[in-house]
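Below: one structure, written as structure tokens.
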Amino acid sequence: MKGRTRKAVIIFLLFAVVLVAVFIGKKIIDISAANTNVMTSETVVSHQLEKSLLERTTLDTVRLSNKNKEKLSENNRILSKREFIGAFLGVRNNKLVYSWRNGYSNTSPNTSFNVNSSVLVGKYQTVLDQALLLSLVNRGDVKLTDELSKYDVSSGAVGRLTVKQLLRNESHLYVRKQSIATIQNPRNKEYSNTLFKKGKGGMTDWVTADTFIKRIVIARATSKSYESTFEQELTNKFGLSNTRFFNARQTYTNDVASYDKKIVNNTRVQSKKLVIKKRSLNGNTLRMSLADIVLSLNGIEKNRLFDSKYTQYFEDYIEQSGVGSLNENVFTYNGNVAGQALAIKSNLDTQSTVVLITNYSDSDVSLTKHLSQLYRIL
């Protein structure tokens with residue numbers, strides 16, 4: 001009798017546990033479904049663009065009127081005739097409109113340029129640094145009125161300079177080129193108060209320190225390294241899948257290599273591979289794929305990092321730093337580093353963007369000229 005009673009109790013308890021588990025499971029599913037349904041139109045647009053870019057592995061799309069198809073074909077014919085080595089893509093209304101490629105992103109092994117080809121972006125990284133610091137200001141981790149000395153930025157040199165002045169390129173501080181390696185990825189620690197100096201502009205072995213001071217502020221404000229914060233606050237937030245920092249000891253199959261110009265039988269060949277050294281990158285070690293470059297611009301343009309009240313700081317940086325230009329809300333960037341060149345033209349209002357890259361030293365082709373032509377076609 002006691003055995004039957006004990007058995008009945010055990011069965012009842014097991015049944016109760018199952019009921020509780022089912023109830024909790026249903027609640028979790030309901031909550032997950034509710035969270036999934038809470039999507040703003042901005043999120044939907046972003047996901048559409050990510051899907052349009054990231055699901056594609058090749059560069060072969062053309063979505064143009066017949067007239068513009070002819071213009072694009074003529075542009076491509078000229079590039080082919082001049083044996084231009086590189087790739088480009090154009091995005092409009094969150095859709096990949098056209099793309100083209102020629103040559104290899106890397107000949108070891110032979111890898112063609114693709115949407116996910118990861119190129120060194122040079123000073124475009126500093127544009128993203130400005131956006132990243134503004135995002136910390138936007139959420140209150142950093143205040144515009146904060147003095148730089150609060151973040152242990154060489155208190156002997158900065159005086160009473162504020163974050164606001166830093167964002168406006170008003171620090172007038174410089175750093176020796178040979179010291180860049182120590183602060184290209186600053187960590188949450190103190191740095192020497194003799195690192196930065198005033199009045200060194202125009203001297204060949206000194207460069208503006210604004211970029212590196214911003215990175216120190218970012219690291220100190222988040223109690224992490226600059227690169228860790230960049231990954232968490234920008235790479236992950238924008239869903240960038242092929243954005244990373246250069247590492248000479250670790251390469252990926254989609255990393256774009258660099259080649260010096262070499263002619264064999266009147267034909268350009270990619271056989272003279274350049275060795276990329278970290279010190280040649282001048283502190284800007286970021287790699288990004290063509291797709292990620294577009295997605296990063298799209299995110300900034302839609303104020304996914306900071307409110308519109310801080311947009312002027314972002315736009316002023318582009319104009320005043322000389323890293324790019326801004327004309328009627330059209331952002332243009334053209335830079336090169338370690339044998340790789342990147343050109344961007346993007347409308348901050350309409351999110352129409354052209355990205356053009358090459359990994360071949362060739363003065364016969366003007367990236368600026370073809371970028372403008374491709375933008376007009378878009």
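Every read-out reported here was derived from the displayed coordinates using simple, explicitly stated rules and does not represent laboratory data. Predicted, not measured: the structure shown is a model, and the values here were computed from it. Backbone-built Cβ (ideal geometry, glycine too); neighbour counts: all protein chains shown.
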Most packed first (mean Cβ within 10 Å per residue), the peptides 181-191, 267-277, 92-102 order as 92-102, 181-191, 267-277
Least to most buried among Thr126, Thr251, by other C-beta atoms within 10 Å and fewest first, runs Thr251, Thr126
Using the per-residue mean of other Cβ atoms lying within 10 Å as a proxy for protection, in what order, highest first, do the peptides 238-246, 130-138 fall? 130-138, 238-246
What pairs in Lys164/Lys302; Lys224/Lys278; Lys197/Lys302; Lys123/Lys261 have C-alpha atoms more than 25 Å from each other? Lys197/Lys302
Taking 1 over the mean of 1/r across every pair of different Cα atoms in the range 131-222, what Kirkwood radius in Å do you get? 13.1 Å
Within the under-12-Å Cβ sphere about Gln130, not counting Gln130, Lys/Arg +1 and Asp/Glu -1 give a net charge of -1
Taking the Cβ-Cβ separation of Arg168 and Val264 as r and a Förster radius of 41 Å, what is the calculated FRET efficiency to the nearest 0.05? 0.20
Measure out, as a whole number of angstrom, how far apart the alpha-carbon centroids of the range 319-378 and the range 101-158 sit. 17 Å
What residues qualify as long-range amide H neighbours of Thr111, i.e. H under 5 Å apart, gap of 5 or more or another chain, H built at 1.01 Å from N? Ser105, Asn106
What is the spin-label model distance, in nm, from Asn327 to Arg376 if the labels are put 7 Å beyond Cα along the C-beta direction? 1.2 nm
Taking 0.36 nm per residue of separation and subtracting the Cα-Cα distance, what length does fully extending Lys302 through Gln232 add? 23.3 nm
By per-residue mean of other Cβ atoms within 10 Å, what is the highest-first order of 255-265, 319-329? 255-265, 319-329
Distance between modelled label sites at Lys277 and Ser80, nm, 7 Å Cα→Cβ extension: 4.0 nm
Ala248 to Thr368: FRET efficiency via 1/(1 + (r/R0)^6), r the Cβ-Cβ distance, R0 30 Å, to the nearest 0.05? 0.45
Multiply the residue separation of Lys67 and Asp146 by 0.36 nm, subtract the distance between their alpha-carbon atoms, and state the gained length in nm to one decimal. 23.0 nm
